[in-house]
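Asker: My questions all concern the structure below.
The values are calculated or read from the model by the stated rules, or taken from the named source; none is laboratory data. Being a predicted model, the structure only gives us computed values, none of them experimental. A quick note on method: Cβ atoms are made from the backbone with ideal geometry, for glycine too, and the neighbour counts reach across all protein chains shown. The accessibility values were calculated without ligands, DNA or RNA, using every heavy atom of the protein model including side chains. Shrake-Rupley method; radii C 1.70, N 1.55, O 1.52, S 1.80 Å.
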Amino acid sequence: GAGVSQSPSNKVTEKGKDVELRCDPISGHTALYWYRQRLGQGLEFLIYFQGNSAPDKSGLPSDRFSAERTGESVSTLTIQRTQQEDSAVYLCASRPLLTGAYGYTFGSGTRLTVV
Amino acid sequence: AQSVTQLDSQVPVFEEAPVELRCNYSSSVSVYLFWYVQYPNQGLQLLLKYLSGSTLVKGINGFEAEFNKSQTSFHLRKPSVHISDTAEYFCAVISTGGGNKLTFGTGTQLKVEL
């Protein structure tokens, strides 16, 4: 597609439930990133996929968070046993391999509200 | 480790007035610097970037920023703002060797008033 697509755009869930967020990167973009944007805070790095290399999971805040990506296609971010502090906008970005940081394209995000 | 500080959480300004959004960074190595804009209910859009060369960088929509290594700053400026510039602005940094992960500031909400 023309841009990075994220779904759903909004998600309201009850505390303790699991949620799955989806990111469709731009075709051909080998690198994919997940960021979290909590109210009044900057974007926090969560996880980074680069082709078939092992992902950089250094930003995941707890073992309740996990993400998968098969090859250079769709990625899913899963949050288990959601807590109220997980409420945030979750942003996905992709970029081609050789462009470096200036090649990032961000999606519109998924707004997660845990009640 | 690298970090970015945006001291102003909100900046109100009248239309056609000049504006400066401040950004300071810390890093022990060379950096690449970026400004992103986020319009309501939209994704982040790259405004401009500093990678190397001239310290004055021009971006889209009439914005420019100046890299000042001695002051570790990368302030964003526009000589005359328009109502359509109302948005959230994020400064971000990548340190060379940092795996191309962007570190963002907390953002500055620019509100342009008539």
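Asker: What is the one condition in (1) touching a residue at least 60 places away in the same chain (Cβ under 8 Å); (2) under 19 Å from B:I94 (Cα atoms); (3) at the interface with chain B (Cβ under 10 Å from one of its Cβ atoms); (4) touching a Phe, Trp or Tyr at 6+ places or on another chain (Cβ under 8 Å) that A:G109 does not satisfy?
Answerer: That leaves (2) as the condition not met.
Asker: Within region A:68-87, which residues are in a strand (DSSP E or B) and open to solvent by 10 Å² or more (accessible area, probe 1.4 Å)?
Answerer: Quick first cut of region A:68-87, residues in a strand (DSSP E or B) only: A:68-69, A:75-79.
Those that are in a strand (DSSP E or B) and open to solvent by 10 Å² or more (accessible area, probe 1.4 Å): A:E68, A:R69, A:T76, A:T78.
Asker: Examine region B:51-65 for a residue that is polar (S, T, N, Q), in contact (Cβ under 8 Å) with a residue 12 or more places away in the chain and under 22 Å from B:L114 (Cβ atoms), and state whether such a residue exists.
Answerer: The answer is yes; a qualifying residue exists.
Asker: Select, from A:Y33, A:Y48, the only residue that is facing chain B (nearest Cβ under 9 Å), open to solvent by 30 Å² or more (accessible area, probe 1.4 Å) and of a type in the set (F, W, Y). Steps first, answer last, please.
Answerer: Numbers: A:Y33 fails: open to solvent by 30 Å² or more (accessible area, probe 1.4 Å).
That would be A:Y48, the only listed residue that is facing chain B (nearest Cβ under 9 Å), open to solvent by 30 Å² or more (accessible area, probe 1.4 Å) and of a type in the set (F, W, Y).
Asker: Restricting to region B:51-99, what's the tally of residues that are acidic (D, E) and at the interface with chain A (Cβ under 10 Å from one of its Cβ atoms)? Please lay out each step first, then the result.
Answerer: Step one: filter region B:51-99 for residues acidic (D, E), giving B:64, B:66, B:85, B:88.
Subsequent filtering for residues that are at the interface with chain A (Cβ under 10 Å from one of its Cβ atoms) retains B:88.
Of the residues in that region, 1 qualify.
Asker: Looking only at region B:70-97, which residues are assigned to a loop (DSSP other than H, G, I, E, B) and open to solvent by less than 30 Å² (accessible area, probe 1.4 Å)? Break it down into steps so the answer makes sense when it comes.
Answerer: Residues of region B:70-97 assigned to a loop (DSSP other than H, G, I, E, B): B:70-72, B:79-82, B:86, B:96-97.
Listed by number, the list holds a single entry, B:V81.
Asker: Shifting gears a bit: If I filter region B:79-95 for residues that are within 22 Å of B:P12 (Cβ to Cβ), aromatic (F, W, Y) and touching a Gly at 6+ places or on another chain (Cβ under 9 Å), do I get at least one hit? Break it down into steps so the answer makes sense when it comes.
Answerer: Step one: filter region B:79-95 for residues within 22 Å of B:P12 (Cβ to Cβ), giving B:79-91.
Subset that is aromatic (F, W, Y): B:89-90.
Next, from what is left, pick out any that are touching a Gly at 6+ places or on another chain (Cβ under 9 Å): B:89-90.
Yes, some residue in region B:79-95 is within 22 Å of B:P12 (Cβ to Cβ), aromatic (F, W, Y) and touching a Gly at 6+ places or on another chain (Cβ under 9 Å).
Asker: Quick one: in region B:1-31, which of the residues that are within 10 Å of chain A (Cβ to nearest Cβ) and part of a loop (DSSP other than H, G, I, E, B) is nearest to A:G40 (Cα to Cα)?
Answerer: Only one residue tops the list, namely B:S9.
Asker: Quickly run through region B:53-69 and pick out the residues that are under 26 Å from A:Y35 (Cα atoms) and loosely packed, with under 12 Cβ neighbours inside 10 Å.
Answerer: B:I60
Asker: Right, next: All but one of (1) surrounded by 15 or more Cβ atoms within 10 Å (Cβ to Cβ); (2) closer than 21 Å to B:S70 by Cβ; (3) more than 11 Å from every other protein chain (Cβ to nearest Cβ) hold for B:F34; state the number of the condition that does not hold.
Answerer: Every condition holds for B:F34 apart from (3).
Asker: Can you tell me which of A:L98, A:L39, A:L60 is out of contact with any Phe, Trp or Tyr (no Cβ under 7 Å at 6 or more places or on another chain), part of a loop (DSSP other than H, G, I, E, B), more than 10 Å from every other protein chain (Cβ to nearest Cβ) and surrounded by 14 or more Cβ atoms within 10 Å (Cβ to Cβ)?
Answerer: On the way: A:L98 fails: surrounded by 14 or more Cβ atoms within 10 Å (Cβ to Cβ); A:L39 fails: surrounded by 14 or more Cβ atoms within 10 Å (Cβ to Cβ).
From the options A:L98, A:L39, A:L60, the qualifying one is A:L60.
Asker: Same structure again: For A:V4, are the conditions met, namely being within 9 Å of another protein chain (Cβ to nearest Cβ), surrounded by 12 or more Cβ atoms within 10 Å (Cβ to Cβ) and touching a strand residue (DSSP E or B) at 6+ places or on another chain (Cβ under 8 Å)? Before the answer, list the steps.
Answerer: Values: within 9 Å of another protein chain (Cβ to nearest Cβ): yes; surrounded by 12 or more Cβ atoms within 10 Å (Cβ to Cβ): yes; touching a strand residue (DSSP E or B) at 6+ places or on another chain (Cβ under 8 Å): yes.
For A:V4, the condition - within 9 Å of another protein chain (Cβ to nearest Cβ), surrounded by 12 or more Cβ atoms within 10 Å (Cβ to Cβ) and touching a strand residue (DSSP E or B) at 6+ places or on another chain (Cβ under 8 Å) - is met.
Asker: Then there's this: Considering only residues that are in a loop (DSSP other than H, G, I, E, B) and open to solvent by less than 80 Å² (accessible area, probe 1.4 Å), look in region A:9-30 and name the one that is farthest from A:E72 (Cα to Cα). Walk me through it before giving the result.
Answerer: Keep residues of region A:9-30 that are in a loop (DSSP other than H, G, I, E, B), which gives A:9, A:14-18, A:25-30.
Restricting the remaining residues to those that are open to solvent by less than 80 Å² (accessible area, probe 1.4 Å) gives A:9, A:16, A:25-26, A:28-30.
Details: A:S9: 22, A:G16: 31, A:P25: 8, A:I26: 9, A:G28: 7, A:H29: 7, A:T30: 5 Å.
Filtering first and then ranking leaves A:G16.
Asker: Before we move on, is B:L102 within 11 Å of chain A (Cβ to nearest Cβ), in contact with a strand residue (DSSP E or B) (Cβ under 9 Å, 6 or more places away or on another chain), surrounded by 13 or more Cβ atoms within 10 Å (Cβ to Cβ) and under 18 Å from B:S9 (Cβ atoms)?
Answerer: On the way: within 11 Å of chain A (Cβ to nearest Cβ): yes; in contact with a strand residue (DSSP E or B) (Cβ under 9 Å, 6 or more places away or on another chain): yes; surrounded by 13 or more Cβ atoms within 10 Å (Cβ to Cβ): yes; under 18 Å from B:S9 (Cβ atoms): no.
So B:L102 does not fit the description; no.
Asker: Are any residues in region A:72-95 in contact with a Lys or Arg (Cβ under 6 Å, 6 or more places away or on another chain) and within 14 Å of chain B (Cβ to nearest Cβ), and if so, which ones?
Answerer: Those that are in contact with a Lys or Arg (Cβ under 6 Å, 6 or more places away or on another chain) and within 14 Å of chain B (Cβ to nearest Cβ): A:A88, A:V89, A:Y90.
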